[in-house]
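Heads up: the structure comes next, in structure tokens.
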Amino acid sequence: MVKRVFINNISAVLPNEKVSNSDMEAVIGKIAGKKSRAKPVILRSNGIKSRYYGIDPQTGDFNYTNASLAAAAVRKLFNSEAELNAIDSLIASTSMADQVMPNHAVMVHGELKNPPCEAVSTSGICLCGITALKYAFLNIKAGESNKSVVVASELASGIMKSENFEAECEHKLSQLNASPEIAFEKDFLRWMLSDGAGSVLVSNEPNAKGISLEIDWIDVTSFANEMEACMYSGADKKDGQLVGWMNYNAKEREQLSIMSVKQDVKLLNENIVRTTVEKALSQIISKRGIVAQDYDYFLPHYSSHYFRERLFEGLVNIDFSIPYEKWFTNLTEKGNTGSASIFIMLEELFKTKALKPGQKILCYIPESGRFSSAFMQLTVV
């Protein structure tokens, strides 16, 4: 018998105090002691007013690891240690773990110290949170799990701090470069990304009291067969192909800031809506027979306010228009937390809106890594 799957609780952890636009460089630093020329332009476009970093603003040191941030979100799901100890699987994913090895999920498990359980991590960028949830969804549907925790976390500030780019600037100066600034594709993401974690408790039964969210379906589609890499780390891009970090020695990795996160902005702007909305959702409409009018809430994870109108136009282009009054996002105040964003949005919706049984929620999560897309349908029960 195929099981039904329910989200019973949702939590979010945003580290330390809110950081305003004017205070960003005081926390993550100025590269070569100079203010970024790109920062004001990017912030005007993305519409983000505040965000959070896992960095102590007084000392400049990290007071969270990615794993400890994820663990904090998991603990927030439960009223007691006994409830945490009752889970049978932990799926923990992130774009950038604290280490290359071992698996991020086992590090989170080590932080939690709950009894032995299945521990799995899915790989990716913005999409790895929803693929983690799909693993739990399928696990419960198959009867292999009864109570799972899913957590997505990001500590993007770890590679956004100015000290990570000093070697590149010094190298450019040594080459008599009159303007030793880092390239726009690297500086761009310093003003786009922030830290946070979101977690969900998933089981085969709805809550005895209060509402739950039933997961009806999750569809994930990759277009990597058509598209080159757009957002990447641990590599450089040459003639449209990625050259991985192991092809560079330690000195070259520093001089070229190989481990930084980079974004091909032109490729992003030209393809993100066409590919991850119009093409992906058209396939789902055909597969699932869904209609826009059925949804009470639309939760889109977009990285920048710049894409809001373009996303709406993309929906109109495929005859799936959802009016803005049904949209829910907290990008402006909570920042772009990558894979954790969808859970941080859901947590606020779940706990601040008067959701009613029968209402339907459509979630949209794109990833520009090599252009992938996910849509999820939830029903309030």
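The values are calculated or read from the model by the stated rules, or taken from the named source; none is laboratory data. A quick note: this is a predicted structure, and the numbers were derived from the prediction, not measured. When we count neighbours, we look across all protein chains shown, and the Cβ atoms used for this are built from the backbone with ideal geometry, even at glycine. The area values use the complete protein model at the heavy-atom level, side chains included, leaving out ligands, DNA and RNA. Shrake-Rupley method; radii C 1.70, N 1.55, O 1.52, S 1.80 Å.
Roughly how many Å is it from the Cα centre of the stretch 217-279 to that of the stretch 69-92, as a whole number? Each part's Cα centre sits 33 Å from the other's.
In this structure the amide hydrogen of N336, modeled in the peptide plane, comes within under 5 Å of the amide hydrogens of S194, none closer than 5 places in sequence on its chain.
Which residues in the stretch 88-111 place their backbone N less than 16 Å from a point set 7 Å from the Cα of M246 along the Cα-to-Cβ direction? Answer for this model: 100-102. The fraction of accessible area contributed by carbon and sulfur in the chain is 50 percent, rounded to a whole number (1.4 Å probe; ligands and nucleic acids excluded). Helical content alone sets the calculated 222 nm signal of the chain at -8500 deg cm²/dmol, taking -39,500 (n - 2.57) per DSSP H segment of four or more residues and averaging over every residue. Based on protein heavy atoms only, the chain ends up with 44 Å² per residue of surface accessible to a 1.4 Å probe. The Cα atoms of the chain define a convex hull whose projected area, averaged across directions, is 19.4 nm². Exceedance of the 32 Å cut-off in Cα-Cα distance is limited, within the set K35/K279; K76/K287; K113/K186; K76/K141; K3/K76, to K35/K279; K76/K287; K113/K186.
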